[in-house]
Every structure is written in structure tokens, then in C-alpha cells.
Amino acid sequence: MRMRKKKHGAERIAACADLLTVKPEAPMADPNVCFDAPRTLALEIGCGKGSFACGMAAAHPDVNFFAMERVSDCACIALEKATAQAEQRRNDNLRFVIGDAKTLEEYFLPHTFDRLYLNFSDPWPKSGHAKRRLTHRGFLELYRGLLKEGGMLYFKTDNEGLFDFSLEEFAAAGLTVEWQTRDLHNTEKAADNIMTEYETNFSSKGFPIYSAWVRF
Ligand SMILES: C[S@@+](CC[C@H](N)C(=O)[O-])C[C@H]1O[C@@H](n2cnc3c(N)ncnc32)[C@H](O)[C@@H]1O
């Protein structure tokens with residue numbers, strides 16, 4: 001996501017420090033200490049401007065959410081949104097991490113998370129860039145380490161090519177696709193679906209949303 005450089009970005013992020021998890025010296029033994037109480041742990045990778053993370057944290061007070069974003073200007077918007085919407089969350093259950101997914105093992109120990117979310121990940125359409133796709137088998141192995149046994153990955157995209165590639169990668173990694181659709185908004189799951197910024201934009205233009213729920 002290309003964005004114009006935010007003015008005073010560092011100060012604006014610092015003003016939301018309560019919601020930010022900085023890189024620890026060693027991976028956190030118990031990430032639940034970041035929240036007001038221990039709960040089921042979920043991680044969104046590539047949260048963009050944070051609508052999904054804010055919506056999920058408000059809708060699921062029984063889950064503690066980390067939302068990771070590598071572009072600090074995007075994370076700044078997400079942090080400010082989450083700060084402004086604090087009263088919509090019954091519990092103190094949302095934190096942000098500014099960093100690249102490749103560094104996740106520097107924050108979290110193996111088998112930490114119950115759920116991972118990938119929403120509208122960059123498609124990297126050139127075949128030479130396939131390893132950068134967040135559903136490439138290299139990333140799936142990273143997620144296998146981070147997820148608890150039997151943990152779930154929830155994936156949404158507007159991009160048919162990325163969806164087909166991802167299904168192939170899930171199969172190659174020996175993962176079970178428990179549910180999939182090529183038109184999420186016309187399924188029974190639509191009622192509980194929390195929209196992302198990209199999803200709102202693409203679906204308003206009439207594009208179908210692809211989704212897969214994958215068990216590790
Ligand atoms: C296409 S945008 C989608 C944003 C949001 N999920 C949505 O659906 O509106 C993809 C986001 O993932 C972030 N991203 C891509 N690769 C990443 C990585 N390796 N680690 C962390 N964030 C990443 C990008 O910076 C960008 O904000």
C-alpha cells in the first residue's frame with residue numbers, strides 16, 4: 001500500500017503507545033500479559049488501516065487480537081482509529097505491532113496463536129515474486145510454527161489468481177481447507193463477516209470476495 005508520508009508520524013504513533021507492542025528483547029513467553037486478561041489469541045498480518053482489527057476486537061471481547069503492519073504510516077492510521085474507537089471495545093483486547101511478518105518469531109514463541117487472519121494480502125502477480133506472497137509455502141511454514149496445533153488461518157482476497165495460488169500452497173503444505181467460497185458476501189458467513197478497507201472498496205465495485213478457512 002503506497003501512502004503519502006505522514007507528517008509527525010512518529011509523534012502520532014507515540015500518542016497511541018498504549019496500543020502498540022514494541023519488539024521485545026526475546027520472544028514473549030506469554031503475549032496475554034499485553035492485555036487486561038488472558039484470552040484466545042489471534043493475529044492479523046497486514047492489517048492496513050485497521051478497520052478489520054478494530055471491528056473484530058469489538059465484536060469478539062473473548063479474543064485478544066494482535067494486528068501487524070509493516071508500513072508505519074498505515075499502522076499510524078490504524079492506531080489512531082483504534083484509539084478513537086476504544087469505547088466500542090468491552091475489553092482491552094487489541095494491540096498493534098509495526099513490523100514485517102518475517103520477524104514474527106522475534107515477538108512470539110512457537111504455538112502461541114489460535115487464529116491467524118490474512119486479508120487482501122498483496123498479490124505480487126509476477127511469478128518471480130511468488131515467495132513474497134503471504135500464502136507462499138515459506139510463510140505457511142512460519143504460520144505452522146506460530147499457530148497452536150489445530151489452529152486456523154482465515155484468508156480473504158479479491159484476487160482470483162492469488163486465491164488459486166493459495167489453494168495450491170495450502171494443499172502442498174498438507175493443510176486442510178475446511179471451508180472456501182468464491183463469493184463470501186453471498187454465503188451464510190456474510191452476516192458475521194467484518195469488512196476490511198479493501199473489502200469495502202472492492203465489494204462496492206461489485207467484485208466477489210474469495211475466502212478460505214484453513215486448519216493447521
Ligand atoms: C493490500 S493491503 C490490505 C490491507 C488490509 N488488510 C485491507 O484488507 O484493507 C496489504 C497490507 O499488508 C501489508 N503487508 C504486506 N506484506 C506484509 C508483511 N510481510 N508484513 C506485514 N505487513 C505486510 C501492506 O503494507 C499493506 O498494508
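None of the figures in this text is laboratory data; all of them are computed from the coordinates on show. All of these numbers come straight from a predicted model, not from anything done at the bench. Glycine also receives a Cβ, built like all others from the backbone with ideal geometry; neighbour counts cover every protein chain displayed.
Quick rundown of the values:
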{"read-out": "Of all residues making up segment 47-81, the number that are within 7 Å of the ligand (Cβ to nearest atom) and among the aliphatic types (A, V, I, L, M)", "value": "2"}
{"read-out": "Count of residues meeting criterion [in a helix (DSSP H, G or I) and under 12 Å from LEU79 (Cα atoms)] in segment 12-36", "value": "6"}
{"read-out": "Among (1) free of Cβ contacts under 8 Å to residues at least 60 places away in the same chain; (2) on the phi < 0 side of the Ramachandran plot; (3) in contact with a strand residue (DSSP E or B) (Cβ under 6 Å, 6 or more places away or on another chain), the one test that LEU162 misses", "value": "(3)"}
{"read-out": "Subset of segment 125-136 that is within 19 Å of THR103 (Cβ to Cβ) and touching a residue at least 12 places away in the same chain (Cβ under 8 Å) - its residue that is nearest to the ligand (Cβ to nearest atom)", "value": "LEU134"}
{"read-out": "Residue match in segment 157-169 (condition: of a type in the set (Ser, Thr, Tyr) and either assigned to a loop (DSSP other than H, G, I, E, B) or surrounded by fewer than 20 Cβ atoms within 10 Å (Cβ to Cβ) (or both))", "value": "no"}
{"read-out": "Qualifying positions in segment 69-112 - more than 14 Å from the chain's Cα centre (by Cα) and not in a helix (DSSP H, G or I)", "value": "GLN85, ARG89, ARG90, ASN91, ASP92, ASN93, TYR107, PHE108, LEU109, PRO110, HIS111, THR112"}
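Here's the yes/no breakdown for (1) out of contact with any Gly (no Cβ under 9 Å at 6 or more places or on another chain); (2) in a helix (DSSP H, G or I):
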{"position": "LYS131", "(1), (2)": "no, yes"}
{"position": "GLY138", "(1), (2)": "yes, yes"}
{"position": "GLY145", "(1), (2)": "yes, yes"}
{"position": "LYS148", "(1), (2)": "yes, no"}
{"position": "PHE155", "(1), (2)": "yes, no"}
{"position": "GLU178", "(1), (2)": "yes, no"}
{"position": "HIS185", "(1), (2)": "yes, yes"}
{"position": "ALA190", "(1), (2)": "yes, yes"}
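Conditions tested, residue by residue: (1) within 25 Å of ARG39 (Cβ to Cβ); (2) among the small types (Gly, Ala, Ser); (3) touching a Pro at 6+ places or on another chain (Cβ under 8 Å).
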| position | (1), (2), (3) |
| --- | --- |
| GLY151 | yes, yes, no |
| ASN159 | no, no, yes |
| GLU168 | no, no, no |
| VAL177 | no, no, no |
| ALA191 | yes, yes, no |
